[in-house]
Amino acid sequence: MHIHRSFLKQFSSRIAPKNKTLPKKLLVKNWKIVRGDEVMVISGKDKGKTGQVTEVSRKTNGVYVRGLNLAFKNVPKDEETPTGKIQKEMQIHVSNVALIDPSTNRPTKVRLERYLNSTTGKPAKRRVSMSTGTAIPKKLDLAYQKVWKDGIFDTVSEHVSKVTFDTLPGVPPFPEDVMREIQNRYKKHY
């Protein structure tokens, strides 16, 4: 039996897209670096340089740092790229970067410490510098909110706040069979 070459292409290891995720046993379990953190590269071609983490790839144990580990990539030539080459930030392994201690502005190792959150009253974890013992807060990355624009499919706020349904006293808002399903949602109806 002969199988056509076009069918075999999808199973070829040279042509098919490779799965870039690491095996489960190699993944970092407790991530201490998040987007928005200030980090220093501790090994590689950008050793000693600092920058802000723009993206965290948990599937490949990598981080992208703004302005560091740049590489040239070939793209189609057009008005924006007349040479056909762009500089792109490439991934840095998480073991090659270290968080910067805010009190000393030096790279430090970090441990997770349990504490009782005073606002919620629930136990939580925080990052603590191993060298000085100062807590390193996680920064909220809200940059996307500054550039947010409503699209054509977004609902206008006036329509959201307008009341369109008035309940009548003594009349349920749904038919009786729907109300029974809502009240006892774990009962199987066949």
Per its Cα gyration tensor (rounded if a/c is under 1.5, else prolate when a/b beats b/c, else oblate), segment 42-119 is best filed as prolate
What figure in square angstrom, to the nearest 10, would you give for the accessible area of M40 with a 1.4 Å probe? 40
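If packing is taken as the mean number of other Cβ atoms within 10 Å per residue, what is the order of 50-59, 78-87, highest first?
50-59, 78-87
Protein chains only, probe 1.4 Å: how do K29, K73 rank by accessible area, largest first?
K29, K73
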Solvent-accessible area of Y115, probe 1.4 Å, all protein chains present, reported in Å² to the nearest ten, please. 70
Starting from the residue with the highest accessible area, list S157, S43 in decreasing order, probe 1.4 Å. S157, S43
Just to confirm my numbers, what's the Cα centroid distance between segment 104-156 and segment 26-103 in Å? 19
Estimated FRET transfer efficiency when R0 is 41 angstrom, pair L168-S118 (beta carbons, to 0.05): 0.35
How large is ³J(HN,Hα), in whole Hz, for each residue of segment 54-68 in order, when computed from phi with the Karplus curve 6.51 cos²θ - 1.76 cosθ + 1.60 and θ = phi - 60°, using x for Gly and Pro? 9, 7, 10, 10, 6, 6, 10, 6, x, 10, 10, 10, 4, x, 10
Read phi for every residue in segment 133-140 and hand back ³J(HN,Hα) as whole Hz from Karplus 6.51 cos²θ - 1.76 cosθ + 1.60, θ = phi - 60°, with x for Gly and Pro. x, 7, 6, 10, x, 7, 7, 7
Need the list of aspartates and glutamates near K122 for cross-linking: C-alpha distance under 19 angstrom, and skip anything on the same chain fewer than eight residues off. E113
Just the accessible area for D101, please: 1.4 Å probe, Å², rounded to the nearest 10? 0
Could you name the lysines in cross-link range of K162, using Cα to Cα under 26 Å and dropping any fewer than eight places away on the same chain? K149
Over the residues of segment 28-80, compute the C-alpha Rg and express it relative to 2.2 N^0.38 Å. 1.38
Gain in length, R35 to K73, computed as 0.36 nm per residue apart minus the alpha-carbon separation, to one decimal in nm? 11.3 nm
Under a straight-distance cross-link criterion of Cα-Cα below 23 Å, which lysines are reachable from K109, leaving out those fewer than 8 residues away in the same chain? K25, K29, K32, K45, K47, K49, K59, K125, K138, K139
When the Karplus curve 6.51 cos²θ - 1.76 cosθ + 1.60 is applied with θ = phi - 60°, which whole-Hz ³J(HN,Hα) does each residue of segment 76-91 get, with x for Gly and Pro? x, 6, 7, 5, 6, 10, x, 7, x, 10, 10, 9, 10, 6, 9, 6
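The values are calculated or read from the model by the stated rules, or taken from the named source; none is laboratory data. Note that this is a predicted model, so its numbers are computed, not measured. Here Cβ is always computed from backbone atoms with ideal geometry, including for glycine, and neighbour counts include all displayed protein chains. Heavy atoms of the whole protein, side chains included, go into the accessibility calculation; ligands, DNA and RNA do not. Shrake-Rupley method; radii C 1.70, N 1.55, O 1.52, S 1.80 Å.
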